[in-house]
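Worksheet for the structure shown next.
The values are calculated or read from the model by the stated rules, or taken from the named source; none is laboratory data. No experiment lies behind these values; they were computed from the predicted model shown. Cβ: placed from backbone, ideal geometry, glycine included. Neighbour counts: every protein chain shown. Note: accessible area is taken over every heavy atom of the protein model, side chains too, but ligands, DNA and RNA are not part of it. Shrake-Rupley method; radii C 1.70, N 1.55, O 1.52, S 1.80 Å.
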Amino acid sequence: MRNFEDDPTLQDLLSVDQLERLNRTLSSLCQAPVTIAEQKTTGAIPVEFNLETVAWLSGGHSPEERSAASELVSFLMMFVAKYRLAANLHHDTTEASYAELQRQNDALKTSEARYRALSDQLQQKVDEQVSVIQQTQQELYESARLRSVGQLAAGVAHEINNPIGFISSNLRVARDYIDDLKDSLPATPDHEELFRDFHDLLSESMDGTRRIASIVADLKTFSSIDQADYTMCNLNDLLRSSSHLVQTEHGHQLDIIERLNELPPVAGHPSRLSQTFFNLLNNAAQALSDKDFGDRKGRILMQTQMGTDSIQVIVQDNGCGIPDDSRARVFDAFYTTRPVGSGTGLGLTVARDTAHAHGGDLTINSRQGAGTRVTLTLPIKAR
């Protein structure tokens, strides 16, 4: 859009169609035809804008008519120029706002890259610690690893929680501001496209903050796995609650089959067990989403059963299964087969360590393309 700080021409102020309409209108108002053109003709008088001649007006019944018509055109051009000036100002302001949002989005991407690098550093530290502990004995390894990762995770969670909170809040406020701004501007196609872009940018940024918050929550769970007090737990109730949360997470589209047999109360950590059940069910749901079933449908089986001195919790799906080259590493902290940013790689690690903290065990049977069966075994008596 041309900047009107320069002297405008007649073509800048009026399009060809507008000029033709103006000529017809003035001719109807006067007693003889009137013509406005950029070239001077015999008897034509100037049409001025900001003390500069931008056109010449000829025709009319008398010099008085020509003079009146010229004054009217100059008056109209003043308002045309004001409208164009306002449009230019709005365009420049919108571009500046968009550039600022782009800058903030780039800053968020840079921040995400820093946190990803920090996650890699945490993985390196854990691997180094595991390498040392494996030279001694398994129980010492478990204890030292939990303590080391717990200290790192607690520090990371504390440092991330505060900034991610106000970032998320500011993004929500920015989205409200955009809605207010949209109501105050003309509903043009350009404006509609611009506001859609703004909403998309803010939605992506808010998804990023939720992802970071989820990572922090997993780290906090991983770091405090053996710090809560035992209480008597109803495993079936915990499974049902976790199933409801997973259904909500996936839009209530999952086909979860419940086969929950009557169980005695078990001493344990309700929050840790609930987190474990949620992780197992959510993994199963993701396995279903990664497989094309055609006319069939993906299903998840959630089952409990009693043995002589233990309880088994089974989560089974007919999803994509675990690749052969990944099965040996499924319990490694921060290892995931999902795309970057789609998972933390802590779900099965937390589940396995939760089972061990309760004196039980976690086993996985999986075949690529056929599905996965996860069995959590817990002793009936407290450890």
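What the table below lists for this structure:
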quantity: In Hz, Karplus ³J(HN,Hα) per residue of the stretch 309-317 (6.51, -1.76, 1.60; θ = phi - 60°; x = Gly, Pro); calculated: 9, 8, 10, 10, 10, 10, 10, 10, 9
quantity: Placed amide H near residue 34: partners under 5 Å, 5+ positions off or other chain; calculated: 27, 60
quantity: Distance between the stretch 234-285 and the stretch 35-103 - C-alpha centres, whole angstrom; calculated: 72
quantity: Heavy atoms of residue 230 accessible to a 1.4 Å probe, total area in Å² rounded to 10; calculated: 100
quantity: Nearby aspartates and glutamates by direct alpha-carbon distance to residue 297 (threshold 14 angstrom, same-chain neighbours under 8 apart not counted); calculated: 255, 317
quantity: In sequence order, calculated HN-Hα J values of the stretch 63-74 (Karplus, 6.51, -1.76, 1.60; Hz; x Gly/Pro); calculated: x, 5, 5, 4, 5, 5, 5, 4, 4, 5, 5, 4
quantity: Residue 27 versus residue 120: modelled label distance in nm, points set 7 Å from Cα along the beta carbon direction; calculated: 7.4
quantity: For peptides 187-197, 66-76, 348-358, 164-174, sequence by mean Cβ density within 10 Å, most packed first; calculated: 348-358, 66-76, 164-174, 187-197
quantity: Label-point gap, in nm, between residue 67 and residue 105 - each point 7 angstrom along Cα→Cβ; calculated: 5.9
